[in-house]
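The structure appears below as structure tokens.
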Amino acid sequence: MNIINKLLLRLVMLAAPLYRKMGVDVFLLEVIVSTKLVMDDRRPNAIRQKKKQNNKPVKWATLATMFFSALLGVFLLFAFTVSDTIAQMVVYFLMYTFMLASSLISDFTSVLIDVRDNYIIMPKPVNDKTIVVARLAHIFVHVCKLVLPMTLPGIITVGIMYNLYGAVLFILMAFLATLLAIFIINAVYILILKITTPQKFQSIIANFQIVFSVIIFGGYQLFPKISDRLSGMLISFSDYSLSLLIPSYWFAAGWKVLFTFSGNLQEIAGLFLCFAFPLFSMYVVVKYLAPSFNQKLSMISGSSTDSAPAITTTGKPSKAASTKDGYSRMLAKLFTGSAAERSSFLLTWKMTSRSRDFKLKVYPSMGNLLVLVAVMFVNSKGLTLENLQQGNMKARIMILGLIYMCSLMVITAAFQIAYSDKYKASWIYYVSPINNPGSLISGGIKAVLCKFCLPMITATAVTMLLLVGHGVIPNLLLGIANQLLVVGLMAYFGAKQLPFSQLQTAKQKSGGCIRSIMLSLIYLVPVAAHFMLYNFAPVLYILAVIAAAGAWYLFDSVKNMEWNKLEGEYAAD
């Protein structure tokens, strides 16, 4: 156990006399919490897989978590660029509450919803009070590992801008805001569990993790622009009575009243709410939400890891599922040849929708690309419709950026479809009468193209035709052909594993990163050539035909790949 966990464990055990009066077995409590903390430090992730393979002890998860939390705390400091004191605190505590709640849901769902107790501790001679206090202490330690580094930059900033007393008050308000965030998490979890099934609950949490990562990336991209606009702005929240509906205003008003010993009636009301509501919310959590939450844990522990397809009471797929299935089958018939390729297309289509592991690894990068598109539009000030139609320098960058951005989503997904945590289920490939397994690979690549690239390129083409006119057609055709060519090259040289048939190791992850960098460099060649030949329509048509022919040849070669060309666990059998 590292030193941070040891210090926090000692802090928890300072209340040992109180625990004994409550009927808690203090010795077992310390053993349970310390074991949980050691297990948390050994949880595998992408950063520590290499150490795990080298049989080296893994014990720096806590420090990595605190470092990331401290970076979020630095990110929150842009709130202090606002000139008004209350506005500074409103913006800070609004972002702090959101970041804390999101981080807890995103990173520590396994702590907040820990079902291991049901299997390991409950059958042992440990009383219920000890189990409950151990779980609460475990959550308290994790909250501290997030809150302390996240608030430290703000505490230092307030101490420098104001004084030590202001920093102490800031710590108090951060504590109350933390209680509010915990209440929000419990309320959201209970609400989700009441309106959905345990299987879908886990999928919802995974989707939230994706959205949270995209929001963080988007905030990083938009941070300089927002900071410049907020700098020097004079905003007076106390002039608006509706400000009392904003929880972060309560903490801002409370800090201001306690710091200056003055305030109007609305600010005093905010002071009352900043103490009353978090304490009342914790009472609600302990009295009402926690018992209901614990009852739902057994449902989650018995649920499967992946959501099942929608089934009606008659045992037939629902109408919505049938519609989606019909759309994918239509595309499969249109773009695939053999039955094996069609089956792989449909399998990949469904797995990319149902596999949480795939979505957590691929969907955030896709969301980040959409953020980059939004940033591109934000930075396109002064670009008029006439500029787009004339094709000047800025217009070329905008149009080609939108066209070629689509294939980046495909490349990200195509590299990932070979990997799955449930890779052992791929035995079905090797007992099937398939002479050319390359058809399975090409079917998977085509499914990714149709699912992620086709909608984006269609929307881009329609938008460009409406805004620019038919003059953009040769550029659209060459852009699409180039993207197919690059994806074909990637499949021909890099796709040597069957869909969802391999367990991704740290070595493969680092190799995938290197391949991505090399592919990006190769990608620049057709993009640069396209940029220089943007206004030469006849040349663009000829190059589009050549690129399309090359893409067809590459995909056909992949489809005819034999068993001895495969790489992976079963390739040598």
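No value in this document is a laboratory result; all are computed from the given coordinates. Values in this document were obtained by computation on a predicted structure and should not be read as measured data. With ideal geometry, Cβ positions are generated from the backbone for all residues, glycine too; neighbour counts draw on all protein chains shown.
Numbers at a glance
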| quantity | calculated |
| --- | --- |
| Sorted peptide list for 334-345, 176-187, criterion being average Cβ within 10 angstrom, highest first | 176-187, 334-345 |
| Karplus-derived 3J(HN,Hα), 6.51/-1.76/1.60, for each residue of the stretch 164-176, Hz, glycine and proline x | 5, 4, x, 5, 5, 5, 5, 4, 4, 5, 5, 4, 5 |
| Highest average packing first - 441-453, 153-165, Cβ atoms within 10 Å | 441-453, 153-165 |
| Residue exposure sequence - D41, D239 - by fewest surrounding Cβ within 10 Å | D239, D41 |
| Burial ranking of peptide ranges 356-367, 403-414, 94-105, 124-135 (average Cβ count within 10 Å, highest at the top) | 403-414, 94-105, 356-367, 124-135 |
| Given K21/K124; K394/K451; K350/K424; K36/K129; K359/K496, the pairs whose alpha carbons are separated by over 20 Å | K21/K124; K394/K451; K359/K496 |
